[in-house]
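Here is the structure we will look at.
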Amino acid sequence: MPKVTIDGHTIEVPEGTTILQAARMIGPEVAPPAMCYYSKLATSGGYCRTCIVKVTQGSEKDPRPMPKPVASCRTTVMDGMVVENKTSAEVLEARKGVVEFLLANHPLDCPVCDQAGECHLQDLSYEHGASDTRYEFERRTFDKIDIGDKIKLHMTRCILCYRCVKVADQLTPGRVHGVINRGDVAEISTYIENAIDNEFSGNMIDVCPVGALTDKTFRFKSRVWFTKPVDAHRECSSCSGKVVLWYQGAEVLRVTARKDAFGEVEEFICNTCRFDKKQTADWVIEGPRKINAHSVISANHYEADTVNPGPVTPRLN
Amino acid sequence: MGKKLLLANDHVPGIQSLDVYSKHGGYAAVEKALKTMTPDALVEEVKTSGLRGRGGAGFPTGMKWSFLAKPEGVPRYLVCNADESEPGTFKDRYLMERIPHLLIEGMIVSSFALGANTSYIYIRGEYFYIVRILEKAIEEAYAAGYLGKNILGTGYDLDLYVHPGAGAYICGEETALIESLEGKRGNPRIKPPFPAVKGLYQCPTVVNNVETIAAVVPIVNMGGAEYAKIGIGRSTGTKLISASGHINKPGVYEIELGVPVEEFIYSEEYCGGIKNGKKLKAVVAGGSSVPILPGELILKTAQGEPRLMSYESLADGGFATGTMLGSGGFIVMDETSSIVKNLWNFTRFYHHESCGQCSPCREGTGWMEKILHRIMDGHGKQSDIDLLWDLQKNIEGKTICPLGDAAAWPVASAIRHFRAEFEAYVNNPGSIKEVRHYYSVNNLQPA
Ligand SMILES: Cc1cc2nc3c(=O)[nH]c(=O)nc-3n(C[C@H](O)[C@H](O)[C@H](O)COP(=O)(O)O)c2cc1C
Ligand code: SF4
Ligand code: FES
């Protein structure tokens, strides 16, 4: 089994493991941020470039460093590889550049965005971004699209991570949406605003790292940090039925899949569980949900049970 | 006169037909290769020749061929990259228009060497009229028994198809080309796996430039060792150069690698000197992606040695004082040219052509274009120059495919060598209204 050293931590991992997966095995404190990679979706990753790291030693056999930073989510570990992530000023600088690009055309409408509080782009900017923008031009905008009666696509916020396309490809039959156009006018679309209507389409909402795909049954109902997450399950014939219910008072405002410490869905859920079961009576309640501490949601209520991702990366300026 | 291996007969009337082409020695390489040589011997011959890819990167062709995976029972493919979309490069078009059979012959020999029974020529959509020329040539080759089943009775089968793209620069990148050929959106793939292992339809594939494949014909005819004697050092053979800009004789020239740049620009045999007796200001030596160099540095290296038209000599000094041979798009700019306006034009191109998969290229190219537009509009700021520098640095080396680098290098080199011109535009915006064209105007002359 190949051995890899990431930011000074050495770990032995199975053949074919990527640098990012190896770093996650060591722990959240060394894991590079990932905006497009999704361990549950094949061929994901490689697009956003936030996970770039420096390989200072290629392998035991060929110790030469790699000439360019590499996307850790798409680079497999070699025996004896040495990787620098948060310990390298160069990597942090480059990552800051990537965050700047991701934000250049982002509307920064967090105050009215339902994703705020559980948005990976927010977290990323907070940890790795600069405090103001150097982009002084009009930002790109798109019209909002309804895809089906349950999902709203707000392309203006999209960072083109391709995750929802892969969900559609891999989880649902007969994909009807994809990427049209090119370059910075490329957009996720259903081409002729075809409705996306199948049992697993709702997972696109969960995998979206930003507020581009939102749950229409929850839109503008509340800020996520005012709602309380509770683990629950039910007998379901199409999915595992394991979900999180987000309560405000006694009312279930939304239902989502459960997410792990890296913000990834543990098990995908079906649309019936997500959109149609909003009564406490529909569910067997398990108890309060642990929420990752780097998220704004945990700021209010969940200190005791949070997973601590380690110190915030030192700011570069 | 330099040696001509590819364009020796380009002016022979009727050379586009198989008849005339054959009378001038055409298809001798097919006869020789298929009847007297083994595929492995052919690969060795190409290795010996020292031929390097003519599509831009200059990777040794023989080596690339020997990397091709050969699993049992899996087809292999040869794909010719005729997407030629790099601004300043138009040599493949000339070659295909003038001597289409040279490419067809090269495809047959190369496919045989690689063990491919189906091969494709992926051609840019705007070259639709060349599609007709190539298809006619292919039809003739089928009729003459050079294509199809049991070629020349040797038992070797080959089918050759021309596939037009829809006109996207990015489809010249080999993995985007493969995606497009498969009928998908032309997005570059994330590597590895490389095409040599998983290319077209997930099968081992070699992608080569038109000129690279054409060069295999003289290599087979004369032998790799003879070919290697032409040129200089590791830059063997001849190269087609697309010469454009402020020169007296723009056009496609076949040069022996190693010709001094000065001779190429000023001699009557090639560009014939700068137009209207003007002075040389700058050259983009290998297509729009390679770093621009000021006149002094293109004629002589930083050490003061004469710069030669070869992979090594053009790259001498790294990016600090050198550039690249690239695809051989040689753009000459005289003293009246505006480097900044030209850069804006290039950057607009990369912005337009970015596929949009990865964030640095998708967002960075448009941003750089907007800043350059602002500078040319007379609203530039001093800080814009540093911002441009930062942006190109944040794109370079951080993208999926080299289009990001191709967008970054022109910006970096223009600032590196012509910062004074940017500053003059920013500090004295009034002067910009004198700049009317990209290439020829009474431009201000920054000190
Ligand atoms: C954005 C981009 C555009 C490219 N366009 C072309 C092209 O039009 N023609 C070409 O031969 N190679 C082009 N290339 C290079 C190809 O990816 C590939 O390296 C080449 O076809 C290999 O052939 P060679 O080894 O014969 O040079 C391009 C590369 C990039 C990154
Ligand atoms: S560098 Fe540009 S063109 Fe290449 S894959 Fe990334 S976005 Fe597409
Ligand atoms: S997470 Fe690796 S490139 Fe996006």
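Can you flag which of B:149/B:198; A:259/B:393; B:23/B:198 are past 30 Å Cα-Cα?
With Cα atoms farther than 30 Å apart: A:259/B:393; B:23/B:198.
Lys/Arg Cβ at +1, Asp/Glu Cβ at -1, dipole of the protein assembly as shown taken about the Cα centre: which of B:2, A:164, B:364 is farthest positive-ward?
Working it through, the farthest residue towards the positive pole turns out to be B:364.
Taking θ = phi - 60°, what integer Hz values does the Karplus form 6.51 cos²θ - 1.76 cosθ + 1.60 yield along the range A:30-38, in sequence order, with x for Gly and Pro?
In residue order, the calculated couplings are 9, 5, x, x, 9, 9, 10, 5, 8 Hz.
So for the protein assembly as shown, taking the charge dipole from beta-carbon charges (+1 Lys/Arg, -1 Asp/Glu), which of A:183, B:128, A:270 sits furthest toward the positive end?
Of the listed residues, the answer is A:183.
Counting other Cβ atoms within 10 Å of each Cβ, which chymotrypsin sites (Phe, Trp or Tyr not before Pro) in the range A:56-155 have at most 16 and sit in a DSSP loop?
A:137, A:142
At 1.4 Å probe size, put A:157, A:64 in order of accessible surface, largest to smallest.
A:64, A:157
Mind ranking A:274, A:74, B:93, A:234 by accessible surface for me, highest first, 1.4 Å probe?
Sorted by accessible area, descending: B:93, A:74, A:234, A:274.
Hand me the chymotrypsin sites (Phe, Trp or Tyr not before Pro) from the range A:216-299 located in a DSSP loop with no more than 13 other Cβ atoms within 10 Å, in residue order please.
For chymotrypsin sites (Phe, Trp or Tyr not before Pro) across the range A:216-299 that sit outside H, G, I, E and B with at most 13 neighbouring Cβ atoms in 10 Å, the list reads A:220.
Please give the Cα centre distance for the range B:24-99 versus the range B:333-377, rounded to the nearest Å.
Distance between centres, Cα-based: 34 Å.
How large is the dipole of chain B about the Cα centre if only Lys and Arg carry +1 and Asp and Glu carry -1, each at its Cβ, rounded to the nearest 20 debye?
380
If you average the alpha carbon positions of the range B:283-322 and of the range A:235-283, how far apart do those two centres end up, in angstrom?
Here the answer is 62 Å between Cα centres.
Under 5 Å between amide hydrogens, which residues at least 5 positions from residue B:118 or on another chain qualify, with H placed 1.01 Å from N in the peptide plane?
Here B:78, B:159 satisfy the definition.
Please compute the contact order of the range A:3-101 in relative form: average sequence separation of alpha-carbon pairs under 8 Å and at least six residues apart, divided by the residue count, as a percent.
Dividing the mean separation by the residue count of the range A:3-101 yields 33 percent.
Need the full-extension length gain, residue A:93 to residue A:61, defined as separation in residues times 0.36 nm minus the C-alpha distance. One decimal, nm.
8.6 nm
Let me know the longest stretch in chain A that avoids all GluC sites (Glu not before Pro) found in a DSSP loop with at most 10 other C-beta atoms within 10 Å.
That would be A:16-137.
Of A:166/B:370; B:3/B:47; A:216/B:184, which ones are farther than 24 Å apart at the Cα?
Flagged as over cut-off: A:166/B:370; A:216/B:184.
Quick one: what are the phi-derived ³J(HN,Hα) couplings along the range A:75-90, Karplus 6.51/-1.76/1.60 with θ = phi - 60°, whole Hz, x for glycine and proline?
Each residue of the range A:75-90 in turn: 10, 7, 6, 10, 5, x, 5, 10, 10, 10, 10, 6, 7, 9, 4, 5 Hz.
What size of dipole, in debye to the nearest 20, comes out for the range B:63-174 about its Cα centre when the only charges are +1 on Lys and Arg C-beta atoms and -1 on Asp and Glu C-beta atoms?
Roughly 180 debye for the range B:63-174.
Mean Kyte-Doolittle of at least 1.6 and a Cα length of 27 Å or more along the axis: which whole DSSP H helices of chain B meet both?
none
Provide a whole-number value for the mean count of partner chain Cβ atoms within 10 Å of the Cβ atoms in peptide A:126-136.
2
Remind me, relative contact order of the range B:156-286 in percent, using alpha carbon pairs under 8 angstrom and six or more residues apart?
Result for the range B:156-286 is 11 percent.
Quote the relative contact order of chain A in percent (integer), defining contacts as alpha-carbon pairs under 8 Å separated by 6+ residues.
15
Within the range A:3-101, how many Lys pairs that are eight or more residues apart, or on different chains, come under 24 Å at the alpha-carbon?
11
Just tell me which aspartates and glutamates come within less than 19 Å, Cα to Cα, of residue B:341; anything on the same chain fewer than 8 places away is out.
B:86, B:353, B:369, B:377, B:384, B:386, B:421, B:423, B:434
Report ³J(HN,Hα) in whole Hz for each residue of the range B:66-80, in order, from the Karplus equation J = 6.51 cos²θ - 1.76 cosθ + 1.60 where θ = phi - 60°; Gly and Pro get x.
6, 7, 4, 5, 10, x, 4, x, 10, x, 10, 10, 10, 10, 8
With +1 assigned to the C-beta of every Lys and Arg and -1 to the C-beta of every Asp and Glu, and no other charges, what is the dipole magnitude of the range A:3-101 about the Cα centre in debye, to the nearest 20?
280
Work out, in µm²/s and without decimals, the Stokes-Einstein translational diffusion coefficient of the range A:134-215 at 25 °C, 0.890 mPa s, Rh from Kirkwood over C-alpha pairs.
Calculated translational D: 189 µm²/s.
The values are calculated or read from the model by the stated rules, or taken from the named source; none is laboratory data. Just so you know, these numbers come straight off a predicted model, no measurement behind them. No Cβ is skipped: glycine too gets one built from the backbone with ideal geometry, and neighbour counts run over all protein chains shown. The accessibility values were calculated without ligands, DNA or RNA, using every heavy atom of the protein model including side chains. Shrake-Rupley method; radii C 1.70, N 1.55, O 1.52, S 1.80 Å.
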